[in-house]
Every structure is written in C-alpha cells, then in structure tokens.
Amino acid sequence: MKMKARWASYPYIVWMIAFTVIPLCMIVYFAFTDGSGSFTLEYIKKSAYHIPTLVKSIYLAAISTAICLVAAYPFAYYVSRKSYSKQKMMIMLVMLPMWMNFLLRTHALSALIEDNGVINTLLMKLGLEPLQMINTEGAVIFGMVYNYLPYMILPLYSIMTKIDSRVIEAAADLGANTLQTHKSVILPLSVPGIVSGITMVFVPSVSTFVISGLLGGSDNYLIGDLISVQFNSAYNLNYGSATSLLLMVVVIITMVIFNRLETEDSEATLV
Amino acid sequence: MSNNPVIIELKNISKSYNGETILDSINLEIHDKEFVTFLGPSGCGKTTTLRIIGGFVTPDEGDVNFLGKKINNLPPHKRQLNTVFQKYALFPHLDVYENIAFGLRLSKTPEEEIAKRVREMLAMVNLEGFESRSVDLLSGGQQQRVAIARALANKPKVLLLDEPLGALDLKLRKEMQIELKKIQKRLGITFIYVTHDQEEALTMSDTVVVMNGGVIQQIGTPQDIYNEPVNAFTADFIGQSNIIPGMMNADFSVSFGGRKHKCVDKGFEKNENVDVVIRPEDIKLGAPSGDVICGKVVNVTFKGVHYEMEVALRSGKVSTETVEIPENGAYGELPTPTNCDFEFEGWYTKPVGGQKIESYSSIYKNMPHKLYAHWTSYGERSGKLVEAPVYEEGTEYKVYFESPETDDSFDDMYCENGVYGELPTPEEREGYVFAGWFTKVSGGMRAESGNPLLEYENHTLYAHFTPVQDGKPVTHTVKLKPDSGRLWIVQSTTVTPVDTFVGLYIDPDNIHIMKKSGWSLQDTEDPDEEGGDAK
C-alpha cells in the first residue's frame, strides 16, 4: 500500500520540480548574478528602490482583502446554514463569474468605468458630470475585490459547513444571543477558513499586474507591473528576478506572521 | 412526584414538516423535581418534543408554558433550561474549563465565582484536574460528563437530555445512568430525558412518557408502564411481551390461544376483541394437558441469567383465500397453506369429484366450487382437513366466514387426537348456507386447513351456518395469511430442550388485557417500512 501511495505522488513531484522548484532556483540565480553570470548584489540593491511601490501594493491588497472578508463572512455563514440543495445552488452562483476568463472580466470592467465608458456615457446623457473612475486606487481595489471575492467565500463556506449546528444551538442554549454566538463560537471556529481565504485573496492581489495595469493607470503602478515590465519589455531577467525575490520574501513574511497569529489565537483559548 | 407544582406544560402541541405530521396534539404536564423520560422508537417525535421545550423548534399549534407563563416565542437563550445534546456538542475550540464556564461568562459572572462553580461542576462529574484539557482529547464518557457539567453550570430549573448516553458502550452507559440519577436527586431539579432504550427509561425515571407516531401512548410510573401497558405498542416496546389477539367472554374471562382463561380484568364489552399481553417470565412450562395451551419448544437461547424458549403453538391463524379465476375458468397461483403437523398435498374441488387443482387448471365456470386442502401427515396419521367453501362471484371465487352472531349448530361430530378426516357436508337449511366446521372445546376455533387442532384433546365439531340474503351468504371475506402457528416467548432459569411438547401455565394475575389499539406488530416488523423511514 505504501509503495502504491508513493507512486501515485510521482507525477505531481515531477510537475513540482519542473515548474516550481527549477524556476525558483533560476529566479534566485538570476537575482544574484549580472548579465555575464558573475555574482552581484546590484540588482537586489536596485530593487530596494521600489519599496514604496511594494508598500503601495501591500496597502491596496490589504484593503481589498479586508473588503472581501467583510463581504464574504456573512454570506458564507448564511449559505452554510441552508439546506444542502440550496447551498449547492448558491455556491454555483458564486462560481459563475469564474467561468469567464480573468482578463476578459477585467477588460469588461475597464470598459464599464473608463472615462468614455458605459457608466460615464450614461451619466452624461442624463446631464450629469462624468466621474473619474478608471486610473484611481478605488478602481484597482474594486477590480481586486471583484476578481478575488469567490476565493474568500469558498474556504469560509467550506469551514463553516463543518460547524455542527448543535454546537451553535448549544451556545444559544447556554444563553448566547446571535451576536455573542458569532463572537464566541462561530468566528473562532472559522479562523482556519479566514486564514486560507486571506491567503488566497492577498497573495494574488499583491502581485497582480493585470488589474493595476488595466484599471490603475500610471499612478497606480504596482510591484507586479514592475516585474512584468522587467521581464516583458526591458528583458532584464536579473532585475526582474531580484524584484520577484523581494516580493516573495515579503509575501512569505506576511504569511508567516498570519499563521503565527492563527496558532497563537487557538493556543490562547486552549491554555 | 406529581404533588410538586407543574413546571412545564405542553398544550395541544402539533408539528409537521413538509406535510408530514411529527407531533399530533401532545398534552403533557411535567412537575418540578421530576425525572421524566420520553421513550419511543426513532421518528416517534420525542426529540422534536424536547426541542420544542428547549426553544429550537416552534410548534405549529399549541402552547408551551413554563411556570404558568407562555414561552412559545421566547428564544432558547432566554429560557431557564439547559440541554445536554446528542453527541455532546462541546465547543471544540475551548478547553474543558472554558466549555463549562461558557454560560457563566455570558451572564457576566465574576471570575472567582466562575472558577468556584467550574470546580464544583467538575467535582460533581468526577473530572477534577481536567480543567485545561482539550475536549477533543477526551473519551466519549468524559466528553459526556463535560457536557453535563456545562449544562448544569448555569443552574437551570430544568435539564433537557437528548439521548445523552447513546454513543457510550453498555457498561459505561449503566454507570452514567446511575450517576445521572444521583445528580438529579442531589440538585433537586427537573430532568427531561429522551431515549429509545426502554431499560434506561425504566431504571432512571419517575415518569415515563411512551410515544409513537407523534402521539403519546401512555404516561405513568415505570411500574405502571411495565405492568399495566394500555396498548399493544407500549407492551411490545417496554420489554419483551407475548401479545396475542383475544376476546373477552365476560368479566374475568378471556379467550385466547384457542381456549378460555380466567383473568383479573373486567369492564370490557362481551365478545370484545382485545390484545392480551403476557410477559415471557410470567409463563411456566409444564407437562401438556387439556387444560392449558400446548405447544412445542422450537428454539432455546441462553441469555445469561435465563434461558429464552420459543414455543410454537400447534394452531395457526384462521386462513382462507380469495382465489381469482382467469377468463377461461382456470385458477391462478393458489396459496400454499401452512401447517405445523401435516404436509400440504394439494387443492381439490368437491363438485367435480375431487379434481386436483393446480395453477391454471381448468374448471367449469358456471358451477359453485368448494376447494379442499388435502393434507398428508408426516407420520402414520392421515386425513383431510376441510377448507372453507368457495363460491363464485363474478370472475372471483370467494371464501365465506360465518357472522359471529349465528350460532346455529348441529351435526355434532366427535374426533380424536386432533386430526379430522373427511368432514360431511351438512344439509342446506332454508335461508342459510354452510360456513364451516368449528370446534367447541377450543372456544370456536375453525376446523380447516392451516388450523389443525391441538393434540391431547377431544373435540366436538359444530357446523356453522350463515344466513343468506338475495341468494348470497351474508359474510365477510378474509384474506389468507399463511401462518405456521404463533410463537410464544418464554423465559425461565431452567432450560427445556427443543422439540419438547409443553403446556404453558399462566397465572390469571399475569394476563394483561388491553383494548385493541389499531397498532399491529406487523406494522413495525415490516422491513420495507423501516427502509422507508430511513429515507
């Protein structure tokens, strides 16, 4: 049995090595070398200039993640307490936008909010002032929430369906009103879902270049755009790799802090 | 117990889900300091009743009163009662201490007070020193104790327990039963306990409420419920019982098992059909005789303290059949009567001179037929038993029985050793038609196929006639149900080997008579229906 189980994992291991481990090693290699292949810290130092861009990326991603969490939590709870058939239907509705390509969705959004876009045309026809919507921080945040909300709902929903309704009844039985039940039972039991939801929204948001590129304009140049330019327009593999490495390190640190918070939270209640 | 004031009152509570009635007009008073158990099979509505009291289910109709005040719309968190849930429902993210302290924290109890109370609760359920354990790491029994401590920490007036011991093994369950009873006595509060385990209900309760099909069947002390069940359901559900259809002859006299018995019950109509309940331990096995019900031991099971014997009576149910005749006058598949003494040999018609009738045999259509079941004995005995007469009615042949009020009888016939030979067909009488032969000694048992007479008896046979109206007998049709004779369960500390002929000696005190409830044992034994419930 053990042998069989190991064999089954080989295709994935090969996949991982080919498309994750080797590229990662290459990024590390390029980040610490120059065009001729000799060791240098030049590009790492250069990347440090982009820390303000990185901070802005983290800032926008954090706001989007927070909005997703606030929007997804009550909805996921509502769905998780419905009958099985209703749950399936509602989750299908959540997944529905994901049937359309990510780029296409973002383009559609930009067509809606651009200066001569659908909304502004409509406003002008009504005799109102057009609004500056595209190329703002708000547009980027909106794009992130719009694209990544399902990734927050799904893990929250799947953890919440696992909460035994008798445990919720027990809280009510012991004197907890709805708000107290949420605070002291449902929220703590949903923490694993919240953490994975945050990860699944924050990581792609912080590194996006499509959303910022299409909706953010030149004022909202994010770290993702920067890396994309290095690789795709400037063809500077070393510079791009170094910036990517910086971003990865920041993301890893953020995640470590988050997971620490989660375990501390559950430990705190256990002690 | 019932001297205490009423604490919870249910008035005409009804509840249905998706058009299916779960509870039908439940009326119940629960007194202070009482240990009340709702007992019934799964799906009987006992848990729903508990959830209505707890506030988790709103009744469609009726009122829930708590200390005289209507609490129908009071949410669970405002009710002065706490629940021990099925499978405990502990908070998995909290340790033992915080689980028990949960309710106290919500009521803003000072921290020292909480610590004191949690310690008390843990001491009560014998879990001292478990404060900081994670509840996931506790055994089922320990989780159960935490759940009880958590529910009692709030000092509720009433504790609701929803099958709390269902997941525990037998030994632990017995221990917890005793412990729960002790806790209830010590705290002096009301316990409302839901279980499907009749032994648990009898052991722990002051009052048992037996439920089935959303209706309360009986309310009483465990002794009442066990000794004086009001209907066949209660008798069958509470302990093992022999439940036999019988008929009251008069006060203190009942017929069942083919003979008359003295009993201690009265107040029934004459000839009223009743259910007779006899506990297996109340039957003494002895030598067969003409004065008692006789049968053969067919199975013996060792049960630890006692042996359990199954005794097959040598009488079957009255059996007859409506036989459909296809267009061309042939019979369809004929029923196979069963008999514990003789082997069925075949069906014969009378008018065509004993032609053997098998599936799709042709018979003449426009002629009234009588079908005879022919029996061959295993041993040296041989003979024929007479089946009920068959009359043509349209394309059907119907078998007729006597109406109970006709007691015209003649053509006495004597028969020894319980086997009938060919019976004579008595002369037709004006306005009557012959309905069959009946024995006298066994209280009017019909002498026919599937119904052999008991051994060790001399029988006198009486021919019964049924009045005829418009050329048709005034009768009712009875469907044949092959039955190899009723099995009686007998418990005894001494063993009687299989195949022994025995007499069943029953003290009149132990014969419990109940009104027919309409509930029949077949209803619950049918596996198809159980499958339906599971869906």
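Placing dummy labels 7 Å off each Cα toward the beta-carbon, the span from residue A:48 to residue B:123 is 6.5 nm. Charge tally around residue B:197: other residues with Cβ under 10 Å, Lys/Arg +1 each, Asp/Glu -1 each, net -2. By the combined test of axial Cα extent (at least 18 Å) and Kyte-Doolittle hydropathy (mean at least 0.0), the qualifying DSSP H helices of chain A come to A:51-80, A:137-160, A:187-206, A:237-270.
Ordered by the number of other Cβ atoms lying within 10 Å of each residue's own Cβ, fewest first, A:119, A:134 fall into the sequence A:119, A:134.
Quick one: of B:33/B:116; B:284/B:515; B:185/B:516; A:82/B:69; A:86/A:183; B:15/B:157, which pairs are farther than 28 Å apart, Cα to Cα? Mind dumping the intermediate values first?
Working: B:33/B:116 25 Å; B:284/B:515 25 Å; B:185/B:516 38 Å; A:82/B:69 33 Å; A:86/A:183 26 Å; B:15/B:157 25 Å.
Checking Cα-Cα distances, B:185/B:516; A:82/B:69 exceed 28 Å.
FRET efficiency for the residue B:240 to residue B:16 pair, using the beta carbon distance and R₀ = 30 Å, is estimated at 0.35.
Report for segment B:6-235 the percent antiparallel among DSSP-assigned beta bridges with both residues inside it, nearest 5.
55 percent
On the basis of the beta-carbon distance and an R0 of 35 Å, residue A:262 and residue B:105 show a calculated FRET efficiency of 0.95. The distance from the alpha carbon centre of segment B:170-205 to that of segment A:155-172 is 29 Å, rounded to a whole number.
Fewest neighbouring Cβ atoms within 10 Å first, the residues B:173, A:6, B:79 line up as A:6, B:173, B:79.
Could you calculate the FRET efficiency of residue A:104 with residue A:19 from 1/(1 + (r/R0)^6), where r is the beta carbon distance between them and R0 is 30 Å, rounded to 0.05? Numbers along the way, then the final one.
On the way: r = 25 Å, r/R0 = 0.82.
Working from the Cβ atoms, E equals 0.75.
Using a ≥ b ≥ c from the Cα gyration tensor of segment A:50-270 (square roots of the eigenvalues), is it rounded, prolate or oblate, where a/c under 1.5 gives rounded and otherwise the larger of a/b and b/c decides, a/b for prolate? Oblate.
Using amide H atoms built 1.01 Å from N in the peptide plane, name the residues 5+ places from residue B:60, or on other chains, whose amide H lies under 5 Å from its own. Long-range HN contacts for residue B:60: B:14, B:15, B:16. Of the residues A:7, B:488, the one with the fewest other Cβ atoms within 10 Å heads the list, and the complete ranking is A:7, B:488. Between A:170, A:61, A:76, the residue with the greatest mean-square fluctuation in the GNM of chain A (Cα pairs under 10 Å linked by springs) is A:170.
Laboratory data are not the source of any read-out in this text; all were calculated from the coordinates shown. Fair warning: this is a prediction, and the values are worked out from it, not measured in the lab. So basically every Cβ, Gly included, is an ideal-geometry build from the backbone, and we count neighbours across all protein chains shown.
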